[in-house]
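See structure below.
Since every read-out is calculated from the coordinates, none of them should be taken as a lab result. Because the structure is a prediction, the values reported are computed rather than measured. Backbone-built Cβ (ideal geometry, glycine too); neighbour counts: all protein chains shown.
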Number of protein chains: 2
Amino acid sequence: MAGQNRIRNAQLRSKIMTADQAAALIPKGCNVGMSGFTGAGYPKAVPIALAERMNAIHAAGEDFKISVWTGASTAPELDGVLAKVDGMELRLPYQSDPTCRKRINAGEMDYLDIHLSHVGQFVWGGYLGKLDVAIIEVVGIREDGSLISSSSVGNNKTWLDCADKVIIEVNHWQNEALEGVHDVYYGTQLPPKRKPIPILSASDRIGETGLRCDPNKIIAIVETDAPDRNSPFSPPDENSRLIAGHIIEFFGHEVKRGRLPKELLPLQSGVGNVANAVMEQLQNAPFDNLTAYTEVLQDGMFNLLRSGKMAFASATALSLSPEAAEEFNRDVAKYRDKLVLRPQEISNHPEVIRRLGVIAMNGLIEADIYGNVNSTHIRGTSIMNGIGGSGDFARNSWLSIFMTPSSAKNGAISCIVPMATHVDHTEHDVQVIVTEQGLADLRGLSPKKRARVIIENCAHPYFKPALNEYFERAQKYSHGQHTPHILDEGFTFLSEWQADMTARDA
Amino acid sequence: MAGQNRIRNAQLRSKIMTADQAAALIPKGCNVGMSGFTGAGYPKAVPIALAERMNAIHAAGEDFKISVWTGASTAPELDGVLAKVDGMELRLPYQSDPTCRKRINAGEMDYLDIHLSHVGQFVWGGYLGKLDVAIIEVVGIREDGSLISSSSVGNNKTWLDCADKVIIEVNHWQNEALEGVHDVYYGTQLPPKRKPIPILSASDRIGETGLRCDPNKIIAIVETDAPDRNSPFSPPDENSRLIAGHIIEFFGHEVKRGRLPKELLPLQSGVGNVANAVMEQLQNAPFDNLTAYTEVLQDGMFNLLRSGKMAFASATALSLSPEAAEEFNRDVAKYRDKLVLRPQEISNHPEVIRRLGVIAMNGLIEADIYGNVNSTHIRGTSIMNGIGGSGDFARNSWLSIFMTPSSAKNGAISCIVPMATHVDHTEHDVQVIVTEQGLADLRGLSPKKRARVIIENCAHPYFKPALNEYFERAQKYSHGQHTPHILDEGFTFLSEWQADMTARDA
Ligand SMILES: CC(C)(COP(=O)(O)OP(=O)(O)OC[C@H]1O[C@@H](n2cnc3c(N)ncnc32)[C@H](O)[C@@H]1OP(=O)(O)O)[C@@H](O)C(=O)NCCC(=O)NCCS
Ligand SMILES: CC(C)(COP(=O)(O)OP(=O)(O)OC[C@H]1O[C@@H](n2cnc3c(N)ncnc32)[C@H](O)[C@@H]1OP(=O)(O)O)[C@@H](O)C(=O)NCCC(=O)NCCS
């Protein structure tokens, strides 16, 4: 390992132990707050050791589960291993792990799907129970005992402030030069003592570079040397390219009409391939001096920083492909004045998002013809990932854009539906919907007008006739004509598509 | 009339004319921004004159409609008369008028149901089109041409800033002593120039007492002498008393556990009788030095101010019963240092609501067993009123409470349903649900746990078995077990209740 100089506080060196020893200190049934946001900066060793310990205990016929709180999604080494051994009682506030998802949807574990900006205040308020243990990945510990976050900040500050006991993972793979990239704000308070968050532009630094931590709470330090397990991005497919194209054309149009400044407004870009594709395509778009006020920095945005198209990005995590992560790690110094990583309490703060006038761009699972968006549930019942920060951004942004391919499952299922089977973003919060077919600008449109433009511009041609037919029929038979629906049909479209899919497959 | 001294700017006196003359200046097809918020401070004469003019023009076989933008709901003299003559093309952002509602639900007029805090930025952004005319009720015009709002501020500032032409109604019935009660903030900007809103407590004054208005835009001044047409509050019925009791007991419990300060946090209280009953009951609750950061000041809150239980209230409108309005009008001076009326842009600002840690209390039409709330649509298709400010408050509050009697229509319809027919407040935004049956604290509960406590604590005993049966069956047959549903049944519960209601009536 790269040496003791990562742990510059001599007194704390006595706490160094193995992951197994640290995992043994975690009591059954406790609430554990872990670092990690969108596959970045999560602890790499202790969760694995804990899963092994759980496995052994389970094999002996005893029960052993914990509740796991994080920043957002993590990786197989955390969510994956703990879900595999059925070691989680409860998970919050966001996940995207296949095994974890399976357990939740089988009813085997509880999941709290919370707005990311709500987590801090819920924990401080005590509404989620007591936080027993924090497990935080850092790049190093300074002389004064303060900690340097690694590739994400997430809820690290909240966990360290609130937990009874703290386990630190010092990851030697993460670049020490990350020191100085983070901006940890210690000015938050509980009401009635809250003050304005003094951020006036995405690049404002308002805090400290390190995380404060009472050394007496630290019960273990574990050294690791492993990369974040981020998946590579697929090169943008045709659909993503088309979606990105529609959005960029729309931006151009808004700038021309004087409705957006020529450097746009700070961008928030959700997770996934489509979001990444939009960033990739901005590389060649006629907008300069872009900024981002977002959660995750993916490859596309990283490239914009590198090329100089983007002047500054504020995020809470780096969600880079292995190649981009290697490169970033090599060249951190170059990016130190173009990038800040903040606690998610601040990256997702309604006050700041509203003030900066963020342009929010997030994915969706289904949108109904009236503009209600489901971004969490398959068939209204199975969780996909969670709402994440999409609600913080969509509600408080200057412009809220939702994007999706017009159909899923190889064209079998329309992502534009008569009625959403679950609603995460209401008709009041969705201003633009974009699919590869086109873009629907819903601002200023009443429900029936929204229906016409969503079906016309966004639906896949295969599903357009059925959607139009439903909409026409609803206007004939609906009880009320503000938002015409035929409720008796409920969600029969789902079974019809299922039948259709089966027939087509045969 | 009480005299010219209400119009202290001599030059503007030349613009005085009759309501008919003023109404004749409003072109067909234009967008008109009117004052008025929850039955307070709306223009009393020009809309009536305009409706008469429309009627005559319609009788002559010609078309004449306008789009009407307001602060929130108004009264029969505005929404009522214009809807009766079919004079509105479009209405936004909130209404609660029976005739208006009927036209919207018959598909005869368009309605844009918008978060109140979004209206200002949509108008400034130009997304709702050009504002042609503003019609604003004031108590007077000062020497310098600035205007004194009457019993509401609402969107007055935005309308005056953005409209091409302005018509003023000077209402002699409204007390001149209202001067000094308003606080109009001129520091708002469009992004990227926005600065923090410098409110740190409900009582902070950050603006001017008057509304600025370019005198060259004023095309007419009409004098009126008529009270706001507010409806009296019914004395709290048994259900309201029980709901209020549950909430107050809950507050007591939270204070005891150290989760709320003993003077609580600033209260936001929605419109209607239940909301009013909660305020009435706080009169005898063991909390002192209460404050409010809310939209409307109803009788209950007024009584708290009078008795000294409440130290300060910030609102955008006075929605008082005729008796309370008389009394307030008589004694304005007494309340000038206990009350501020702000533009709704500020009363509903996400930044301020979040900072102050508001306790939001709003009504609902139906809540489903997983905590999704419908507060706008009857049977998912007919608009009742609109979302108003409930989304601004619920999402950004410290604590979001929704309340309703457990059943509607004389017990025929359960307000707790398997699946909401429309969602305005998502599962992520609803922390407490209260009916006369009891209170469900949903914080920290996963969907199935929420279902158990909502059915158990909130549902009416008559509907409990059916809801439990649905929930049990959903857990058997649902595709996913995160949020179990039987989608094929759609909303069949609605037709069952209808049949049941018919049978019971027979
Ligand atoms: C909505 C969301 C799942 C879309 O993800 P994505 O990667 O852009 O989109 P994809 O098209 O790859 O869809 C993801 C999966 O959902 C499936 N899916 C999408 N729409 C579907 C639909 N209408 N019905 C059934 N399945 C659907 C896809 O088939 C895919 O499944 P697979 O992985 O089994 O192939 C994702 O954006 C998300 O989790 N959003 C909520 C959180 C969020 O917005 N975060 C950003 C701020 S933190
Ligand atoms: C939801 C809301 C309509 C409830 O109003 P309320 O006056 O507290 O409650 P009521 O019980 O009197 O219900 C109002 C009407 O809806 C009907 N209703 C309520 N629940 C119903 C249901 N589940 N199914 C059918 N009708 C229902 C009532 O019967 C009543 O109808 P009526 O006037 O024909 O008798 C009202 O709070 C609202 O408009 N909320 C949205 C805006 C808001 O929250 N504003 C506050 C901040 S601006």
**Prompt:** What angle, in degrees between 0 and 90 and rounded to the nearest 10, separates the Cα long axis of helix A:322-335 from the longest principal axis of the Cα atoms of chain A?
**Reply:** 70 degrees
**Request:** Using only the Cα atoms of the range B:443-506, construct the convex hull and provide its projected area averaged over every direction, in square nanometres to one decimal.
**Result:** 4.9 nm²
**Fill in**
Sorted shortest first, the nm distances from the A:Glu327 label point (7 Å along Cα→Cβ) to its counterparts in the other copies are 7.1
**Request:** Return the whole-Å distance between the Cα centroid of the range B:332-390 and the Cα centroid of the range A:244-278.
**Result:** 32 Å
**Prompt:** Given charges of +1 on the Cβ of Lys and Arg and -1 on the Cβ of Asp and Glu, with all other atoms neutral, how large is the dipole of chain B about its Cα centre, in debye to the nearest 20?
**Reply:** 1120 debye
**Prompt:** Quick one: label points 7 angstrom along Cα→Cβ at B:Pro198, distances to the other copies in nm, smallest first?
**Reply:** 1.4
**Message:** Residue by residue through A:233-245, how many Cβ atoms from other chains fall within 10 Å of the Cβ on average?
**Reply:** 0
**Prompt:** Average partner chain C-beta neighbours within 10 Å, per residue of A:151-162?
**Reply:** 0
**Request:** With a/c under 1.5 counting as rounded, go ahead and sort the range B:248-384 into rounded, prolate or oblate using the C-alpha gyration tensor (a ≥ b ≥ c being the square roots of the eigenvalues; past the cut-off, prolate if a/b is larger than b/c, else oblate).
**Result:** oblate
**Message:** Over chain A, what portion of Cα pair distances is larger than 32 Å, expressed as a whole percent?
**Reply:** 43 percent
**Request:** Using only the Cα atoms, work out Rg/Rh for the range A:195-303, with Rh taken as the Kirkwood radius, to two decimals.
**Result:** 1.11
**Request:** Provide the per-residue ³J(HN,Hα) series for the range A:406-422, in order, calculated from phi with Karplus coefficients 6.51, -1.76, 1.60 and θ = phi - 60°, each as a whole number of Hz, with x at glycine and proline positions.
**Result:** 5, 9, 10, 6, 6, x, 6, 10, 7, 7, 9, 10, x, 9, 5, 7, 7
**Asked** Along the charge dipole of the range A:402-462, Cβ charges K/R +1 and D/E -1, which of A:Val432, A:Ile454, A:Met403 sits furthest on the positive end?
**Response** A:Ile454
**Rounded FRET efficiency, nearest 0.05, which uses the C-beta distance separating B:Ser307 from B:Ala10 and R0 of 51 Å** = 0.70
**Message:** Loop only by DSSP, 16 or fewer other Cβ within 10 Å of the Cβ. Give me the GluC sites (Glu not before Pro) in the range B:36-85 that pass, ordered by residue number.
**Reply:** B:Glu62
**Request:** Hey, can you grab everything whose amide H is under 5 Å from the amide H of B:Ala40? Only 5+ residues off in sequence or another chain; H modelled, so Pro and N-termini drop out.
**Result:** none
**Residues of the range A:335-376 with amide N under 17 Å of a point placed 7 Å along Cα→Cβ from A:Trp124** = A:342-353
**Item:** Quarter of the Cα convex hull surface for the protein assembly as shown, i.e. its orientation-mean projected area (nm²)
**Value:** 40.6 nm²
**Prompt:** Rounded, prolate or oblate: which fits the range A:319-475, taking a ≥ b ≥ c as square roots of the Cα gyration tensor eigenvalues, rounded meaning a/c under 1.5, else prolate when a/b beats b/c?
**Reply:** prolate
**Request:** Provide an ascending nm list, one decimal, of label-point separations from B:Arg473 to the equivalent residue in each further copy; define each label point as 7 Å from Cα along Cα→Cβ.
**Result:** 2.3
**Asked** For the range B:9-148, what value does the Rg/Rh ratio take when both radii are computed over Cα atoms and Rh is the Kirkwood radius, given to two decimals?
**Response** 0.97
**Item:** Only Lys, Arg (+1) and Asp, Glu (-1) charged, at Cβ; the range A:114-229 dipole about Cα centre in debye
**Value:** 660 debye
**Request:** Give, rounded to the nearest 20 debye, the magnitude of the charge dipole that the protein assembly as shown has about its Cα centre when Lys and Arg contribute +1 at Cβ and Asp and Glu contribute -1 at Cβ.
**Result:** 1500 debye
**Message:** Can you compute the modelled spin-label distance between B:Asp214 and A:Ala177, with each label point 7 Å from Cα toward Cβ, in nm?
**Reply:** 5.4 nm
**Request:** Would you kindly give the portion of the calculated P(r) for the range B:64-116 that falls above 17 Å, as a percent of all Cα pairs?
**Result:** 19 percent
**Asked** Looking at the square roots a ≥ b ≥ c of the eigenvalues of the Cα gyration tensor of the range B:135-275, which shape do they give, rounded for a/c under 1.5, prolate if a/b is larger than b/c, or oblate?
**Response** oblate
**Number of partner chain Cβ atoms within 10 Å, mean per residue of A:185-193** = 4
**Asked** For the Cα atoms of chain A, what angle does the longest principal axis make with the long axis of helix A:273-282, in degrees from 0 to 90, nearest 10?
**Response** 80 degrees
**Message:** Quick check: convex hull of the Cα atoms in the range A:130-215, volume per residue, rounded to a whole Å³?
**Reply:** 105 Å³
**Request:** State the antiparallel share, in %, of DSSP beta bridges confined to the protein assembly as shown, rounding to the nearest 5.
**Result:** 25 percent
**Request:** In whole Hz, with x marking every Gly and Pro, tabulate ³J(HN,Hα) for the range A:238-255 from phi via Karplus 6.51 cos²θ - 1.76 cosθ + 1.60, θ = phi - 60°.
**Result:** 4, 4, 4, 4, 5, 4, 4, x, 4, 5, 5, 4, 4, 4, x, 4, 5, 5
**Prompt:** Which single residue of chain A puts its beta carbon nearest to the axis of rotation relating A to B, and what distance, in whole Å, does that give?
**Reply:** A:Gly490, 1
**Message:** 7 Å from Cα along Cα→Cβ at both B:Val255 and A:Ala56: what's the point-to-point distance in nm?
**Reply:** 5.2 nm
**Complete:** Of the residues B:Gly107, A:Asn329, A:Ala367, the Cα lying farthest along the dipole of the protein assembly as shown towards its positive end, which is defined by charges on the beta carbon of Lys, Arg, Asp and Glu, belongs to A:Asn329
**Prompt:** Arranged from highest to lowest average of other beta-carbon atoms within 10 Å per residue, in what order do the peptides B:422-428, B:6-12, B:336-342, B:231-237 appear?
**Reply:** B:422-428, B:336-342, B:6-12, B:231-237
